[in-house]
Amino acid sequence: MIEVRGLRKTYGSTVAVDRVDLEVAEGEVLGVLGPNGAGKSTTVECIAGLTSPDAGTVRVAGLDPIADRDAARRLVGVQLQEAGLQAKLTVREALRLFASFHEHPRDGIELAERLGLGERLDHRYAALSGGQKQRIAIALSLVGRPRVALLDELSTGLDPESRRQVWDLVEEIRHDGTTIVLVTHLMEEAHRLCDRLALIDRGQVAAVDTPAGLIGRSAAPTVMTFDPVRPVSVEALARLDGVADVSERGGRVQVVGTDDAVLLVLDHLGRSGVRPTRLRVSETSLDDAYLALVTSSEEETA
Ligand SMILES: Nc1ncnc2c1ncn2[C@@H]1O[C@H](COP(=O)(O)OP(=O)(O)OP(=O)(O)O)[C@@H](O)[C@H]1O
């Protein structure tokens with residue numbers, strides 16, 4: 001549904017994106033992660049046809065978002081970091097206006113109510129709080145039932161309840177088959193909503209994988225914690241193959257390492273006659289995997 005090839009965009013001497021390739025299948029949710037200034041918004045703006053690339057091609061359902069602007073606009077709903085609506089427009093008027101651009105729009109009032117804006121329908125845009133402006137931007141991007149939704153920092157600045165409402169809505173449109181590109185800094189959001197994640201770092205795609213795949217790329221994908229019935233030597237555990245880190249706080253031990261390292265730790269404890277109580281084994285968080293990937297991509301460049 002979306003195909004980006006060799007995308008390059010510069011602003012003066014700043015190279016915002018360079019040689020970016022991305023594909024998003026119909027009905028897929030692609031999360032775009034990366035540090036501030038990495039080129040995420042620029043990529044989304046090129047897909048939306050709001051910015052013209054210096055080089056490379058972008059296709060959305062086979063259309064060029066710049067050359068075939070009118071047809072592409074009917075397919076695509078865009079939520080940018082700033083909606084930039086006229087200050088005097090009310091929420092109701094804005095929803096009606098945006099719905100009028102489309103043949104089969106959603107019920108804008110119902111959409112606003114789902115996003116907790118039901119009591120703000122007759123308020124002017126300028127009088128809304130930051131989080132309310134954010135939610136109206138989401139509602140406006142989705143009111144036309146787009147086949148492709150481009151959502152840039154969907155839930156930044158939203159309180160936890162509003163964030164849940166927004167996530168539920170995204171899950172619903174995903175279920176309806178909408179193709180979604182979602183720029184986010186929130187790993188919980190990325191994990192919950194996205195089929196695949198593209199990590200963009202300094203204008204380039206550093207990795208594309210499923211959330212589980214990105215975690216699996218980490219050299220230390222597993223975390224185990226336990227309370228030993230009597231003290232264990234942290235140094236001895238740290239020497240075991242595949243153990244990346246061992247720490248102890250308040251008598252509880254945490255070991256981070258490979259899956260095999262977990263087995264070696266259990267074996268070591270067994271041989272030492274130390275029973276691990278309250279044993280928990282889990283995956284490294286996507287947060288940790290993300291930080292490890294960004295750091296390793298920085299080291300490669302250095
Ligand atoms: N209109 C513009 N004029 C000049 N420079 C720009 C413009 N838009 C983006 N840039 C620069 O291009 C680079 C990429 O910016 P972009 O907004 O795409 O990053 P981002 O990954 O979305 O960052 P963030 O997470 O902070 O939103 C940055 O160095 C930014 O300063």
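Here, each number is a calculation from the coordinates, and none is a lab measurement. Predicted, not measured: the structure shown is a model, and the values here were computed from it. So basically every Cβ, Gly included, is an ideal-geometry build from the backbone, and we count neighbours across all protein chains shown.
From a point 7 Å beyond the Cα of T277 in the direction of its Cβ, which residues of segment 224-265 have a backbone N at a distance under 19 Å?
Within reach of a label on T277, which here means backbone N under 19 Å from a point 7 Å along Cα→Cβ, segment 224-265 contributes 225-233, 248-255.
Could you work out how far helix 91-100 tilts from the main Cα principal axis of the chain, as a 0 to 90 degree angle to the nearest 10?
70 degrees
Working only with C-alpha atoms, what are the Rg and Dmax values of segment 128-219, expressed in angstrom?
Reported Rg and Dmax, both Å: 14.0, 46.
For the charge dipole of segment 116-267, defined by +1 on Lys and Arg C-beta atoms and -1 on Asp and Glu C-beta atoms about the Cα centroid, which residue among V229, A219, Q165 has the Cα displaced farthest towards the positive pole?
Q165
Quick one: if you take sqrt(5λ) for each eigenvalue of the C-alpha gyration tensor of segment 42-132, what semi-axes come out, biggest first, whole angstrom?
Details: eigenvalues 168, 48, 22 Å².
Working from the Cα gyration tensor, I get semi-axes of 29, 15, 10 Å.
Rounded to two decimals, what is Rg over Rh for segment 168-251 when you use alpha-carbon atoms and the Kirkwood radius?
On the way: Rg = 18.9 Å, Rh = 16.4 Å.
Ratio of gyration radius to Kirkwood radius: 1.15.
Based on the Cβ-Cβ distance of A61 and D245, what FRET efficiency does E = 1/(1 + (r/R0)^6) give at R0 = 45 Å, to the nearest 0.05? Don't skip to the answer; put the middle values down first.
Numbers: r = 46 Å, r/R0 = 1.03.
Efficiency, rounded to the nearest 0.05: 0.45.
Tell me, in nm to one decimal, what length is gained between L266 and R19 on full extension, where the rule is 0.36 nm per residue of separation less the Cα-Cα distance? Walk me through the numbers before you get to the answer.
Working: separation 247, 0.36 × 247 = 88.92 nm, distance 4.63 nm.
Using 0.36 nm per residue and subtracting the Cα-Cα distance, I get 84.3 nm.
Just need the relative contact order of segment 145-196 here, percent rounded to a whole number, with Cα pairs under 8 Å and 6+ apart.
Numbers: 39 pairs, mean separation 26.6, N = 52.
Relative contact order here is 51 percent.
If you project the alpha carbons of segment 1-60 onto their three principal axes, what span does each projection cover, largest first, in Å?
Per principal axis, max minus min of the Cα coordinates gives 36, 23, 19 Å.
Per the Debye formula with a single identical scatterer at each Cα and no solvent contribution, what log10 I(q)/I(0) holds for segment 219-283 at q = 0.12, 0.23, 0.27 Å⁻¹?
Treating every Cα as an identical point scatterer, log10 I(q)/I(0) equals -0.23, -0.91, -1.30.
Write down the percent of antiparallel bridges among all DSSP beta bridges whose residues are both part of the chain, to the nearest 5. Write down the numbers at each step before the final one.
Details: 36 of 53 bridges.
Roughly 70 percent of the beta bridges in the chain run antiparallel, per DSSP.
Roughly what % antiparallel, to the nearest 5, for the DSSP beta bridges in segment 100-232? Let's see the in-between values first.
Values: 5 of 10 bridges.
Antiparallel: roughly 50 percent of the beta bridges in segment 100-232.
For every other residue with a beta carbon closer than 15 angstrom to the beta carbon of T277, add +1 if it is Lys or Arg and -1 if Asp or Glu, then tell me the sum.
Details: positive: R230, R252, R275, R278, R280; negative: D227, E248.
Summing Lys and Arg as +1 and Asp and Glu as -1 gives +3.
Once you charge only the Cβ atoms, +1 for Lys and Arg and -1 for Asp and Glu, what is the size of the charge dipole of segment 2-210 about its Cα centre, to the nearest 20 debye?
Dipole size: approximately 520 debye.
What Kirkwood hydrodynamic radius, in Å, does the chain give when the mean of 1/r is taken over all pairs of distinct Cα atoms and then inverted? Write out the running numbers ahead of the final one.
Numbers: mean 1/r = 0.0466 Å⁻¹.
Mean inverse Cα-Cα distance, inverted, gives 21.5 Å.
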